[in-house]
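*Asks:* Handing you this structure, nothing more for now.
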Amino acid sequence: MKKNIYFNHDGGVDDLISLFLLLQMDNVNLTGVSVIPADCYLEPAMFASRKIIDRFGNGGLDVAESNSRGKNPFPKDWRMHAFYVDALPLLNESGEVITPVADKPAHLHIIETLRATKGKTTLLFTGPLTDLARALDIDPTIEEKVERLVWMGGTFREEGNVHEPEHDGTAEWNVFWDPEAAARVWASGIEIDLVALESTNQVPLTLDVRERWAKARKHIGVDFLGQCYAMVPPLVHFSTNSTYYLWDVLTTAFVGNSDLVKVQTVNSIVMTEGASQGRTVETADGRPVHVVYDVDRDAFFDYITELAKKA
Ligand code: AGV
Ligand code: CA
């Protein structure tokens with residue numbers, strides 16, 4: 001049986017690759033897609049998403065635009081990535097865009113799609129949770145239609161990945177962009193699977209993986225992976241926060257194949273104020289979340305490479 005998946009993403013390189021991989025999964029029924037302008041600019045991320053569905057999907061989907069705004073903006077350099085993916089010749093060969101833009105903003109599109117889908121739906125979020133928080137505020141009864149939320153977000157390590165003025169570095173970016181939204185979802189009854197930095201740190205994009213994809217580029221889907229990740233090259237002689245991990249791709253792979261990872265339950269809260277805002281903290285009386293803390297790295301890279309070969 002296929003799982004119903006609704007996908008809300010924020011247009012980064014790994015968000016867009018996640019959309020591509022979802023379209024290759026035999027065990028997934030993708031019911032809806034929406035894009036939030038967090039780690040991207042909205043227009044190119046919308047075009048790229050629609051073109052990926054045109055090229056690699058089977059039609060029947062539209063893509064909703066989010067009108068949500070965050071508290072702590074992403075760096076412009078990162079937000080530019082969606083322009084590069086949208087400009088790929090592979091996505092522009094046909095010269096037209098068929099997949100339509102939905103007639104509702106993302107948070108209402110989530111409500112509508114959950115209601116219209118028979119049975120329950122798994123929510124896959126690879127950007128901030130703002131659209132889900134707004135949907136829950138408008139209609140809390142959608143919780144009954146949600147199987148679970150699988151989210152790339154958070155960490156319980158001392159070090160997060162936010163390096164910004166007036167912040168102490170303990171948060172992960174998808175929480176930091178809109179901490180209140182994460183807190184709102186924590187306050188709901190939805191089951192939460194958290195693909196946190198604990199596991200994503202184990203899947204950096206290393207040179208051997210880039211070489212593997214280069215060698216297999218005769219497969220158009222593997223070439224697509226390689227071309228996309230060429231936009232975020234490794235900077236070997238210059239030390240920055242530039243290492244690209246397969247954050248969202250691991251989260252998406254977990255939806256397709258949960259055997260790749262190990263999960264443990266942690267009670268936690270989300271900090272919404274001050275220098276640690278966006279930090280997820282373990283506390284005995286917090287709400288339970290299922291944290292993906294370990295991954296079989298080789299099995300993961302095999303899985304996504306084989307999926308890409310199917311395209
Ligand atoms: O914190 C990880 C999230 C993921 O959803 N994003 C990127 C992934 O799409 C933010 C982010 C953290 N470090 C980054 C990020 C980097 N070096 N480049 C781009 N985005
Ligand atoms: Ca993302």
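Rule-based calculations on the coordinates, nothing more; no lab input. As the structure is a computational prediction, the values presented were derived from the model and not from experiment. With ideal geometry, Cβ positions are generated from the backbone for all residues, glycine too; neighbour counts draw on all protein chains shown.
*Asks:* In terms of the Cα gyration tensor, with a ≥ b ≥ c the square roots of its eigenvalues, is the range 1-139 rounded because a/c is under 1.5, prolate because a/b exceeds b/c, or oblate?
*Replies:* Values: a/c = 1.74, a/b = 1.10, b/c = 1.58.
Judged from the Cα gyration tensor, the range 1-139 comes out oblate (a/c at least 1.5, b/c at or above a/b).
*Asks:* Net charge near Leu108, counting Lys/Arg +1 and Asp/Glu -1 over other residues with Cβ under 14 Å of its Cβ?
*Replies:* Net local charge, Leu108 excluded: -4.
*Asks:* In deg cm²/dmol and to the nearest 500, what is the mean residue ellipticity at 222 nm of the chain if only DSSP H runs of at least 4 residues count, each as -39500 (n - 2.57), divided by the residue total?
*Replies:* Calculated mean residue ellipticity at 222 nm is -10500 deg cm²/dmol.
*Asks:* What does the charge add up to near Arg217, with Lys and Arg as +1, Asp and Glu as -1, over the other residues with Cβ less than 12 Å from its Cβ?
*Replies:* For residues surrounding Arg217, the net value is +3.
*Asks:* Once a ≥ b ≥ c are taken as the square roots of the eigenvalues of the Cα gyration tensor of the range 202-307, is the result rounded (a/c under 1.5), prolate (a/b larger than b/c) or oblate (a/b not larger than b/c)?
*Replies:* oblate
*Asks:* In whole Å, how far is the Cα centre of the range 206-236 from that of the range 20-57?
*Replies:* The distance from the Cα centre of the range 206-236 to that of the range 20-57 comes to 20 Å.
*Asks:* When a/c reaches 1.5 or more, the comparison of a/b and b/c decides; with that in mind, is the range 93-143 rounded, prolate or oblate per its Cα gyration tensor? Mind showing how you got there, number by number?
*Replies:* On the way: a/c = 2.15, a/b = 1.81, b/c = 1.19.
The shape class here is prolate.
*Asks:* Figure the gain on full extension for Lys104 and Lys218 (residue separation times 0.36 nm, minus the Cα-Cα span) and round it to one decimal in nm.
*Replies:* Using 0.36 nm per residue and subtracting the Cα-Cα distance, I get 37.1 nm.
*Asks:* Restricting the count to DSSP beta bridges whose residues both fall in the chain, what percent are antiparallel, rounded to a multiple of 5? Present the calculation step by step, with values, prior to reporting the outcome.
*Replies:* Working: 12 of 39 bridges.
Close to 30 percent.
*Asks:* Take the Cα atoms of the chain, find their three principal axes, and give me the spread along each one in whole Å, biggest first.
*Replies:* Result, largest extent first: 53, 50, 36 Å.
*Asks:* Report, ordered by chain and residue number, the lysines lying within cross-link reach of Lys104, taken as a straight Cα distance under 22 Å and ignoring same-chain residues fewer than 8 apart.
*Replies:* Lys51, Lys118, Lys120, Lys145
*Asks:* Taking the Cβ of Asn92 as the centre, find all other residues whose Cβ is under 13 Å away and add up their charges (Lys, Arg: +1; Asp, Glu: -1).
*Replies:* Result for the local shell: -1.
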